[in-house]
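Colleague: First, the structure itself, so that you have it in front of you.
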Amino acid sequence: MKCEICGEREATIQISKGSGLSQKEQYLCEHCAGQTMDINYNQADNPFDIQTLLQMLANNAKTEQETAEEHACPTCGSTLQSVVQNGLFGCSHCYEYFKRYVPEIVTRVQLNQQRHIGKIPSQAHDTLKLKRDIESLERTLQEKVKVQAFEEAAVVRDQIQALKDGGADE
């Protein structure tokens with residue numbers, strides 16, 4: 001893989017910046033990495049300088065914070081950082097503006113639930129169950145007709161009719 005900055009030398013260093021929503025990876029050669037992060041790889045007397053490392057980490061944190069603050073909805077001004085922290089969008093335009101981040105934000109807010117189940121009012125529970133049973137039987141009926149199992153399809157049709165009339169399955 002070639003260096004993402006110069007495009008000439010082989011990339012030997014992988015740099016990961018940020019985490020979560022703002023994680024970015026870069027593949028650089030030693031020369032470009034040294035220039036980008038102000039690290040001198042050719043230091044003979046002190047190959048590992050803690051001061052340089054701390055300075056590099058501080059610069060990365062500043063860059064990450066500035067990047068997060070740059071993303072703001074043009075309609076309401078909500079920033080990506082405020083949306084992630086609160087789990088609330090400022091307006092309906094935020095969904096479009098932050099569409100790249102919406103799945104991850106929703107997953108985080110919904111406590112890693114991938115599918116919304118919802119709630120059913122207690123008065124509508126029986127009605128909804130009956131409706132779902134009828135829909136399921138209608139799909140079964142269509143499958144039976146496709147494979148030309150007409151006797152079985154007639155039984156399923158009678159079950160659907162019984163449910164619609166308020167009777168029992170059997």
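Colleague: Would you mind stating whether Glu104 is in contact with a Leu (Cβ under 7 Å, 6 or more places away or on another chain) and either acidic (Asp, Glu) or at pLDDT 85 or above (or both)?
Modeller: So Glu104 passes the test.
Colleague: Quickly run through segment 120-170 and pick out the residues that are in contact (Cβ under 8 Å) with a residue 12 or more places away in the chain, of a type outside the set (Asp, Glu) and open to solvent by less than 100 Å² (accessible area, probe 1.4 Å).
Modeller: Residues satisfying the conditions are Leu130, Ile134, Leu137, Thr140, Leu141, Lys144, Ala153, Val156, Gln159, Ile160, Leu163.
Colleague: Still on this model: Could you please give the count of residues in segment 1-16 that are farther than 9 Å from Cys32 by Cβ and in a loop (DSSP other than H, G, I, E, B)?
Modeller: 4
The values are calculated or read from the model by the stated rules, or taken from the named source; none is laboratory data. A quick note: this is a predicted structure, and the numbers were derived from the prediction, not measured. We place every Cβ from the backbone using ideal geometry, glycine too, and count neighbours over all the protein chains shown. All accessible areas refer to the heavy atoms of the entire protein, side chains included, with ligands and DNA or RNA removed. Shrake-Rupley method; radii C 1.70, N 1.55, O 1.52, S 1.80 Å.
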